[in-house]
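Here's the structure we're looking at; comments come further down.
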Amino acid sequence: MSEAVSALPHAQYSGLVDLAEAGLTGMITLRGDLASPVLAEAVLAATGASVPEVRRIEAGESGQAAWMSPDELLLIVPYEGAAGVVEALETALAGEFATAAEVSDARAFFRITGPQARDVLAKVCPVDFSDFAVGELRRTRAAQVAAAVWREEGDVWSLVCFRSVAQYVWDLLATVSKPGGEVGFYR
């Protein structure tokens, strides 16, 4: 069996912002009735987080729960435990109209850090970042590809996309982060 490798192992770039590929990250798509108390308990057990409100991400002791759509969450957990989390979710949600699927190896995860992160993201995402709060999340596009972006804290942002377009998104972010491309809109 081959060893797991993240989309762009150890990729880093420093320009207007610091970019980093986050490495192996456990990700689980959980679909179901987000108002279900059974689902809420399963999410809490899996991540230590509550089911997030619309366009939010919640952090817990063992992971994060991100709102993706009215019936979908993305659970972010340690990579090595993701398969076990799916099994636990399936057990906890038996009898519920819900599905859990590990998508860790189908996604790429990037961190964008620095005071100009909003300007860099605004160059490629059709999102108004002016009042974007910590814990807020948007499903959007990064130029021509689907992505989800959220604000972790202050000047730390996360972006998730499909692994198949990881190099494209990386090159895109690195290009719009080159010194000399300052916008200065979000201060």
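The values are calculated or read from the model by the stated rules, or taken from the named source; none is laboratory data. Source: prediction; values computed, not measured. For neighbour counting, all protein chains shown are included, and Cβ atoms are generated from backbone atoms with ideal geometry for every residue, glycine included. These area figures cover heavy atoms from the full protein model, side chains too; ligands, DNA and RNA do not enter into them. Shrake-Rupley method; radii C 1.70, N 1.55, O 1.52, S 1.80 Å.
A few comments on the model shown:
- The Cα center of segment 114-167 and the Cα center of segment 63-93 differ in position by 21 Å.
- Cα lying deepest toward the dipole's positive end in the chain, options Val85, Ala143, Val165, charges on Cβ: Ala143
- Charge tally in the Cβ shell below 15 Å around Val54, where Lys, Arg are +1 and Asp, Glu are -1, Val54 excluded: -2
- Packing-based ranking, highest mean first, of 18-28, 2-12 given that Cβ atoms within 10 Å are counted: 18-28, 2-12
- Surface composition of the chain: carbon plus sulfur atoms hold 53% of the accessible area, using a 1.4 angstrom probe and ignoring ligands, DNA and RNA.
- You can think of it this way: the chain between Thr175 and Glu96 has 23.9 nm of extra reach, that is 0.36 nm per residue less the Cα-Cα gap.
- In this rough spin-label picture, where each label sits 7 Å from Cα along the Cβ direction, the Ser69-Gln12 distance is 3.7 nm.
- Gained length - Ala133 relative to Arg56, 0.36 nm times residue gap less alpha-carbon distance: 26.8 nm
- Tensor-based shape of segment 1-42 (alpha-carbon gyration tensor, a/c under 1.5 rounded, otherwise prolate or oblate): oblate
- Local charge for Val134 was computed over the other residues whose Cβ lies under 11 Å away, with Lys and Arg +1 and Asp and Glu -1, and equals -2.
- Selected from Leu75, Ser130, Ser36, residue furthest toward positive end of dipole (the chain; charges at beta carbon): Ser130
- The chain - percent relative contact order, Cα under 8 Å, separation 6 or more: 24
- Proximal charge balance of Ala100 [Cβ under 12 Å; K/R count +1, D/E count -1]: -4
- Label-to-label distance, nm, for residues given as Glu153 and Ala40 (7 Å Cα→Cβ offset): 2.7
- Label point distance in nm, Val5-Ala88, each placed 7 Å from Cα along Cα→Cβ: 3.1
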